[in-house]
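Presented below is the structure to which this report refers.
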Amino acid sequence: MRGYESPMRSYNNRIMRQALILLRNMRKQGAVVPFALLSAVALSVGAAESIHTLRGYSSQSSATEVEWERKFRKIPEPERLRENMRRLSARPHHVGSPYDKDNAEWIVAQMKSWGLDARIETFDTLFPTPKERVMELVAPVKYTAKLQEPALAIDPTSNQKSEQLPTYNAYSIDGDVTAPVVYVNYGSPADYEQLERMGVSVSGAIVLARYGLTWRGIKPKVAAEHGAIGCLIYSDPHEDGYRHGDIYPNGPMRPPFGVQRGSVMDMPVYPGDPQTPGVGATPDAKKLPMSEVKTLTKIPVMPISYEDAEPLLKNLSGELVPEAWRGGLPLTYHVGPGPAKVHLRLQFNFDRKPLYDVIVKIPGSKYPDQWVIRGNHHDGWVNGAGDPVSGASPEMEEARGLAELLKQGWKPDRTIIYCFWDGEEPGLLGSTEWAETHAEELKQHAVAYINSDGNGRGFFRAEGSHSLENFTNGVMKDIEDPETKMTVWKRARLAGISKGAGDRKAELKARPDLRIGALGSGSDYTVFIDHLGVASLNIGYGGEDAGGGQYHSIYDDFYWYTHFEDTDFAYGKALAQTGGTIMMRLADCDVLPFQFTNLADTIHTYLGELKKLSIDQRAAIKERNSEIEDGVYVALADPKKKMVPPGKEPLPPYLNFAPLENASDELTRAAAGYEAALTSAGGQASASVNAKLLRSERVLTDSEGLPNRPWFENLIYAPGFYTGYGVKTIPGVREAIEQKRWIEVDHQIARVAKALQSEADLLDEAAKELGGK
Ligand SMILES: [Zn+2]
């Protein structure tokens, strides 16, 4: 019995069961059932039954599972979480450092001491480190950038200078350039359109972009596309500095000299080792020569503090920036170019460094060939207490908890694999190389991949495959929020209602399941969901966090975390409880708990977004063309300011979404049919139904990949080509529209429609088997 059943809920559930019976009768009679009714009914029934019996379990197996899960959730201890963090973040542990290897060996030793089978898998990958970094303002005044984060007396690990990586962006090319500076705001494609309207070119310039909005790797990429010859990225106090709170060490926010290190690899093309795209970086792997590597930047790029950026900004003249471009520094922001002129010289050691992935296996007793996989990275940019140890430490507690249960007689039905990845920070290296090496096995055996990265305080958050949305909601209803003692599901729902507006608020109140977001990129799930089509989730707590002002600096350490973040590790414990419960429930179920009516509903909303995008884009271009004809821009041109009016653009064609609409309806029908068949079968299924369900994310992939980036095979989810971490759903179609490549749209629509039809066919087959049993 779950503790969350309210009288209103069980009333609703009765209504919904009656509605399902009605619906089935209607369908038998050949009636066309409206989409909204179909999905609402199916969604509610899924939720209703999990109240008494876990989805995918018989009443007996459910009772047993619930008992084991309860035992498990009592095991994680905040004190152990704290000690794991102290140990793992005691010294800098980036790729190739002595302590990175030491940590991997320590994790293996811990796992073995608990009786688990753990070992290290090693790969060699390209990992550049700085040899020379110079940034100086040469005109109109001289200033040499410090490029240093000073140790603080109060923070005991901030003085480990000999082991700290300098501040830099990994996978920048070498360069030695001198040029006038242009301030480009966040450096997004829209910012360059604005610059163009202001008559400012970055051709031959060094751009100064602030962190924020887009992923950092996008900034040099778009700058180079516009002819810039160098790129500096600084942390404006508007994003993560004094505007948001006291600065470190008095508070958690970024101090004047704090710098955000980070990768600028072109990961939207392919992540992982730049020299072995698509294959594991094993000793015998063929390596691309450096001249053929596609994921290095095209121009030199370096991150700086706002202390080092301020002299540049102070010495820019030209137009005032648009209001939204103003940062938090006490100066007037101008665009430039110049008179500030910068000399930037960067040289790197382009060495190959070893990675140490820790792989822990608990063999399944019934279905050893079905794998449930969990991962969090262990490498950091420096001491990495928040990123990644606040996630890796709970992951270790999860593994210890499962080891305890094994001693008490618990036997998971499926094989459980715990991974502690190396090399996430530079470019998802450890997870990508491991998964590429084991790609064929993973395609056959992987049930799901569950990721976490850093963890904070606040609300439970999950993004991932929507076939796991209903399952995720079920787990959330069994985890207690450490602060309020309500379930994390209830707390997330109420928070959503308080923040939501209009339709969103109404939907939150009416929809049985909370929606989960889609996955872009930015952590180790990428290769699983985007390349291999393994259903994935990314989980963690946040929203009441300290703010991220330590991110990727030497101050992201034990002192910072234990003073300003989850200081009593209450949410670390909650993450261990959540992750472990997910793993156990996936490993022990009789029928894999994928549920497709939520997936169909989500696809339907994406389709609505795409249609709206196309209509809005057409209307905007039409309106602007008519304003140009009417002389609006001529009338508004201020002769004292430089302003370039936009040119007329061809009107986009009307697009034919019909194949996608038909396929989406087919999926909706098949998903509801599968739900009904599963209910009729009493929630039980044969092994071959599970074999089909295991492929349900795989069929959403296409080995042809996305346009210009074949490594990305999932046709529903991908990181945006121009957003980096930010997701683009139905990316082939969406990006073709956004980037005005309308000629591609028909082909992309056809591919997605085919994938959705394959999913519908798979579900029809599964439903048929359930019925024939
Ligand atoms: Zn991380």
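Multiplying the residue separation of D503 and E323 by 0.36 nm and removing their Cα-Cα distance gives an extension gain of 61.8 nm.
Apply the a/c threshold of 1.5 to the C-alpha gyration tensor of segment 409-480 and tell me whether it is rounded, prolate or oblate. It comes out oblate by the Cα gyration axes.
Looking at the chain only, what percent of DSSP beta bridges run antiparallel? Nearest 5 please.
Restricted to the chain, the bridges split so that about 60 percent are antiparallel.
The charge dipole of segment 685-773, taken about its Cα centre with unit charges on the Cβ of Lys, Arg, Asp and Glu (plus for the first two, minus for the last two), comes to roughly 120 debye. For the peptides 413-422, 178-187, 156-165, the ranking by mean Cβ contacts within 10 Å, running from highest to lowest, is 413-422, 178-187, 156-165. When the Cα gyration tensor is reduced to axis lengths a ≥ b ≥ c, the ratio a/c is 1.5 or higher for the chain, and with a/b not above b/c it is classed as oblate. Under 5 Å between amide hydrogens, built in the peptide plane, is the criterion, and for H377 it picks out W421 among residues at least 5 positions away or on other chains.
Taking each DSSP H run with n ≥ 4 as -39500 (n - 2.57) and averaging over every residue of the chain yields -12500 deg cm²/dmol at 222 nm.
Placing dummy labels 7 Å off each Cα toward the beta-carbon, the span from A658 to L636 is 3.9 nm. Working note: Cα atoms of segment 355-417, range along each principal axis, descending, whole Å: 42, 23, 14. Label-to-label distance for V138 and M486 is 6.1 nm, based on points extended 7 Å past Cα in the beta-carbon direction. By the beta-carbon count within 10 Å of each Cβ, the least crowded to most crowded order of S263, S680, fewest first, is S680, S263. Remark: segment 708-721, residue by residue, has Karplus-estimated 3J(HN,Hα) of 6, 8, x, 5, 7, 9, 6, 8, 9, 10, 7, x, x, 4 Hz, where x stands for each Gly or Pro and the curve is 6.51 cos²θ - 1.76 cosθ + 1.60 at θ = phi - 60°.
Lysine pair count for segment 76-197 with Cα-Cα distance under 22 Å and sequence separation of 8 or more or different chains is 5.
Once the mean of 1/r is taken over each pair of separate Cα atoms and inverted, segment 169-273 shows a Kirkwood hydrodynamic radius of 14.8 Å. If R0 is taken as 41 Å, the Cβ-Cβ distance between K754 and D174 corresponds to a FRET efficiency of 0.40.
Looking at the calculated P(r) for segment 634-745, what percent of the C-alpha pair distances fall above 23 Å?
Values: 3416 of 6216 pairs.
That fraction is 55 percent.
Mean separation of Cα pairs under 8 Å and 6 or more residues apart, divided by the residue count, gives segment 679-773 a relative contact order of 30 percent.
Could you give the angle, 0 to 90 degrees to the nearest 10, between helix 390-407's Cα long axis and the longest principal axis of the Cα atoms of the chain? Approximately 20 degrees, to the nearest ten. In whole percents, the pair-distance distribution calculated for segment 180-231 from its alpha-carbon pairs, binned every 10 Å from zero, is 30, 63, 7. Which shape class applies to segment 708-764: rounded if a/c is under 1.5, otherwise prolate when a/b exceeds b/c and oblate if not, where a ≥ b ≥ c are the square roots of the Cα gyration tensor eigenvalues? It is oblate, given that a/c is not under 1.5 and a/b is not larger than b/c.
Read-outs throughout are calculated quantities, based only on the coordinates presented, and are distinct from any laboratory measurement. Since this is a predicted model, take the numbers as computed values, not measurements. Quick reminder, even Gly has a Cβ in these numbers, built from the backbone with ideal geometry, and neighbours come from all protein chains shown.
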